[in-house]
Amino acid sequence: MKKIYKDLEIRKKKPTDKRQVLPVGDAVFVVIEPIKNVINNYVGKSLIGRCKFPPSRSGKSIDVRLGKYGIGEGRITIKEAKEKFSEVRKASKAQGLDPRIILKNEEKKEVINAYNPTLKSAVEGWIKSNSHWSKTTKVDYHRRIYNQIMNPDKGGFDPETPVK
């Protein structure tokens, strides 16, 4: 039985001259790549999921890249990676598509949404950007916007309306 590594053990692992693949459970692995020049404490840790496609004995084992390991913007934790991989596997079985293709399609949707934000995402971004507001002020603005402006039942805008 293989050892399943915990988050703290993964953080302490340093890159060696060989690629390390460490299991964290649920067919998800942390890959530690060898790095020659360490810049900004980046040590080359990423998360992958392994599965067979097509899902049968004759299927080929493939690695699905889930993202960079860590905490912060553009990084993913072990828990998030496990959830993401289980969703991708379910979608792959349901649609009969390669899991890597499903992830690429999700990334394209995120890019499109970033360039064409909806009214709802723009309002939520505006509320988050005003961190100097008190908690009650944020709640008050949130209620006003959703009850008066984005309420299609009472003549307001649909939240999924593109901003452009």
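I'm trying to understand the selection: among the residues of the stretch 88-128, which are assigned to a helix (DSSP H, G or I), open to solvent by less than 90 Å² (accessible area, probe 1.4 Å) and of a type in the set (Asp, Glu)?
106, 124
Name the residues in the stretch 134-152 that are among the hydrophobic types (A, V, I, L, M, F, W, C), in a loop (DSSP other than H, G, I, E, B) and at pLDDT 85 or above, would you?
None - no residue of the stretch 134-152 is among the hydrophobic types (A, V, I, L, M, F, W, C), in a loop (DSSP other than H, G, I, E, B) and at pLDDT 85 or above, so the list stays empty.
Which of (1) on the phi < 0 side of the Ramachandran plot; (2) at pLDDT below 85; (3) open to solvent by 70 Å² or more (accessible area, probe 1.4 Å) does residue 155 not meet, given it meets every other one?
Condition (1) is where residue 155 drops out.
Only one residue in 53, 85 is of a type in the set (Phe, Trp, Tyr), modelled with pLDDT under 90, surrounded by 16 or more Cβ atoms within 10 Å (Cβ to Cβ) and in contact with a helix residue (DSSP H, G or I) (Cβ under 9 Å, 6 or more places away or on another chain), so which one is that?
53
Only one of (1) more than 26 Å from residue 105 (Cα to Cα); (2) open to solvent by less than 30 Å² (accessible area, probe 1.4 Å); (3) free of Cβ contacts under 8 Å to residues at least 12 places away in the same chain is not met by residue 59, so which one is it?
Every condition holds for residue 59 apart from (1).
Mind checking which pairs have a first residue in the stretch 122-147 that is under 17 Å from residue 160 (Cβ atoms) and a second that is exposed (fewer than 12 other Cβ atoms within 10 Å of the Cβ), Cβ under 6 Å, 6 or more apart or different chains?
Pairs found: 122/163.
So, of the residues in the stretch 1-45 that are among the aromatic types (Phe, Trp, Tyr) and modelled with pLDDT of 90 or more, which turns out to be nearest to residue 86 (Cα to Cα)?
That would be 29.
The values are calculated or read from the model by the stated rules, or taken from the named source; none is laboratory data. As the structure is a computational prediction, the values presented were derived from the model and not from experiment. Methodologically, a virtual Cβ is constructed for each residue, glycine included, from the backbone with ideal geometry; neighbour enumeration extends over all protein chains shown. Remember, those area values only see protein heavy atoms, side chains included, never the ligands or the DNA or RNA. Shrake-Rupley method; radii C 1.70, N 1.55, O 1.52, S 1.80 Å.
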